[in-house]
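Participant: I'd like to ask you about the structure that follows.
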Amino acid sequence: MQFKNFPMVSRIIFGRGSFNQLAEILEPKRLNTRAPFIFFVDDVFKGNAWLTSRIPLAYDDKVIYISTKEEPKTSQIDTLVEQIILNYKERPSGIIGIGGGSIMDIAKAVAIMLTNDGESKDYQGWDLVKHPAIYHVGIPTISGTGAEVSRTTILTGPERKLGINSDYTPFDQVILDPELTKEVPKDQWFYTGMDCFVHCIESLNGTYLNAFSKSYGEKAYELCKEIFLEDHLTEIEAQDKLMMASWHGGMSIAYSQVGVAHAMSYGLGYLLGIKHGIGNCIVFDHLEDYYPDGVKLFKQMKAKHNINLPKGICANLTEDQFDIMINVALSLEPLWENALGKHWKKQITPEVLKALYKKM
Ligand code: NAD
Ligand code: ZN
């Protein structure tokens, strides 16, 4: 048995208003006045002075606004890296991502690709990165993905949707300031929050489960139930708790794995561009055979918050399109093995997946 020896975020600060400490956190990390800090900021914050006026800029530091309408692509990472290399004589002092899971992943991937040759698609997989990334900081503005704590950065490449999983991927610093999530729209709050809930269900019901993952997974699961099903929390408490649930959910899967919903959601994402959070919701809604208790709670949460998920998204797909989705899902073998054990192939066939996709 080979045990994972995984790296963690080196430094973390938590609290409402902790974003104000960004300048003092970055100052000692500046290599010299020509080595800028590059801030990748979700373009939803363009013109939002409450947040952007607090980004501490000096010398050649730069804010780059990024649209998150689509999930991060390897080509997008390569373009950003090229832009930085062409515009600055020196390697940046650091990359700071401010946004949701998409921006977290872009910040991590660019920090890696600034010190590693070739294209980012070459590093999709496990432990392919050769050199440490440059200093990178994650500042989540929406809670649920666990991308702030994970050792992966999920990218859609020409051939697959797969993470750069490496010891150099995790952030050097994370700032958890729940106040930054206060304007997240309701539906998005639910979709990304459910990503965390699904992480817990898949981890806690998986064959890879161990006491490490269980302790984090159970905490995140309890927090999700409190946030999404009970009525006694203030908005501030709910924001604080969801940020910690996201962290714990991420820690839980760090030492186990996700399962059926994620495998199938990757298929939807790859073929139809359906984003991670809502994709997980669409799939999870139909997984009562695999996660009966979790799906029951999920349906209660959905009803309580009046969430209407899209229907019929696979109604007009061709046979070839089904095959593409099914192949993407089936290629994620560790997810299936975690969900159903070593002999999962006896249970999960292309026909089984097709029947499930057809319900969505
Ligand atoms: P996201 O980053 O795409 O953001 C979702 C939406 O919320 C966007 O429209 C964004 O503009 C908006 N938003 C974010 N913060 C806001 C705020 N404070 N106020 C108003 N609007 C705000 O979504 P996400 O669900 O956080 O992340 C999904 C991405 O994360 C996917 O690309 C997925 O692959 C990735 N992911 C990565 C990991 C990992 O471990 N690396 C884990 C899970 C998911
Ligand atoms: Zn997820």
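The values are calculated or read from the model by the stated rules, or taken from the named source; none is laboratory data. These numbers were taken from a predicted model, which means no experiment stands behind them. Quick reminder, even Gly has a Cβ in these numbers, built from the backbone with ideal geometry, and neighbours come from all protein chains shown. When the accessible area is computed, the model is the full protein with side chains, heavy atoms only, and any ligands, DNA or RNA have been set aside. Shrake-Rupley method; radii C 1.70, N 1.55, O 1.52, S 1.80 Å.
Participant: Once each part is reduced to its C-alpha centroid, what is the distance from region 1-76 to region 289-311 in angstrom?
Facilitator: Cα centroid of region 1-76 versus Cα centroid of region 289-311: 34 Å apart.
Participant: Something else about it: Evaluate the charge dipole of the chain about its Cα centre and quote only its size in Debye, nearest 20, assuming +1 on the Cβ of each Lys and Arg and -1 on the Cβ of each Asp and Glu.
Facilitator: It works out to roughly 140 debye.
Participant: What is the mean projected area of the alpha carbon convex hull for region 186-358, to one decimal in square nanometres?
Facilitator: Value for region 186-358: 9.4 nm².
Participant: Something else now. For region 263-344, rounded, prolate or oblate, judged on the Cα gyration tensor with a ≥ b ≥ c (square roots of eigenvalues), a/c < 1.5 rounded, else prolate if a/b > b/c?
Facilitator: Oblate is the answer for region 263-344, as a/c is 1.5 or above yet b/c matches or exceeds a/b.
Participant: A follow-up question, please. Rounded to the nearest whole Å³, what is the per residue volume of the convex hull around the Cα atoms of the chain?
Facilitator: 133 Å³
Participant: Can I ask one more? Using the Cα gyration tensor of region 1-158, with a ≥ b ≥ c the square roots of its eigenvalues, what is the shape: rounded (a/c below 1.5), prolate (a/b larger than b/c) or oblate (neither)?
Facilitator: Numbers: a/c = 1.37, a/b = 1.23, b/c = 1.12.
Rounded is the answer for region 1-158, as its axis ratio a/c remains below 1.5.
Participant: When 1/r is averaged over all different Cα pairs and the result inverted, which Kirkwood radius in Å belongs to region 79-131?
Facilitator: Mean inverse Cα-Cα distance, inverted, gives 11.9 Å.
Participant: Can you give me the P(r) profile for region 203-299? Cα pairs, bins 5 angstrom wide beginning at 0, each as a whole percent.
Facilitator: 2, 13, 19, 22, 23, 14, 6, 1, 0
Participant: Tell me the trypsin sites (Lys or Arg not before Pro) within region 320-360 that lie in a loop according to DSSP and have at most 12 other beta-carbon atoms within 10 Å.
Facilitator: Those satisfying the criteria are LYS342.
Participant: Once you have the Cα-Cα distance between ILE236 and VAL352, take 0.36 nm times their residue separation minus that, and quote the gain in nm to one decimal. Don't skip to the end; give the middle numbers.
Facilitator: Values: separation 116, 0.36 × 116 = 41.76 nm, distance 4.30 nm.
Fully extending the segment from ILE236 to VAL352 adds 37.5 nm.
Participant: Taking the Cα atoms only, what angle lies between the long axis of helix 260-272 and the longest principal axis of the chain, rounded to 10 degrees?
Facilitator: Tilt relative to the chain: about 70 degrees.
Participant: At a probe size of 1.4 Å, how large is the accessible area of ILE12, to the nearest 10 Å²?
Facilitator: 80 Å²
Participant: At 1.4 Å probe size, put ARG11, ARG160 in order of accessible surface, largest to smallest.
Facilitator: ARG11, ARG160
Participant: Next question, about the same structure. Just ASN116, ASN165, ASN280 to compare: in a GNM of the chain, with alpha carbon springs under 10 Å, which one fluctuates most?
Facilitator: Among ASN116, ASN165, ASN280, the largest mean-square fluctuation in the Gaussian network model of the chain belongs to ASN116.
Participant: Let me ask something else about it. Given the protein chains as shown and a 1.4 Å probe, how many square angstrom of VAL184 are accessible, to the nearest 10?
Facilitator: 40 Å²
Participant: Would you rank ILE77, ILE142 by solvent-accessible area, highest first, keeping every protein chain in place and using a 1.4 Å probe?
Facilitator: Accessible-area ranking of ILE77, ILE142, largest first: ILE142, ILE77.
Participant: Please work out the C-alpha center-to-center distance from region 322-360 to region 196-253 and express it in whole Å.
Facilitator: 25 Å
Participant: Leaving ligands and nucleic acids out of the surface, order LYS108, LYS219 by accessible area at 1.4 Å, largest first. Spell out each step's value before the answer.
Facilitator: On the way: LYS108 0, LYS219 105 Å².
The ordering from most to least exposed comes out as LYS219, LYS108.
Participant: Too long at a 25 Å Cα-Cα cut-off: which of LYS121/LYS345; LYS46/LYS186; LYS46/LYS108?
Facilitator: Numbers: LYS121/LYS345 28 Å; LYS46/LYS186 20 Å; LYS46/LYS108 21 Å.
Result: LYS121/LYS345 exceed 25 Å.
Participant: For region 157-211, what is the per residue volume of the convex hull drawn over the alpha-carbon atoms, in cubic angstrom?
Facilitator: 190 Å³
Participant: May I ask which of LYS4/LYS130; LYS225/LYS299; LYS29/LYS69; LYS214/LYS346; LYS62/LYS130 have a Cα-Cα span longer than 24 Å here?
Facilitator: Checking Cα-Cα distances, LYS29/LYS69; LYS214/LYS346; LYS62/LYS130 exceed 24 Å.
Participant: Moving on to the next point. Using only protein heavy atoms and a 1.4 Å probe, report how much of THR74 is accessible, in Å² to the nearest 10.
Facilitator: Surface open to solvent at THR74 totals about 10 Å².
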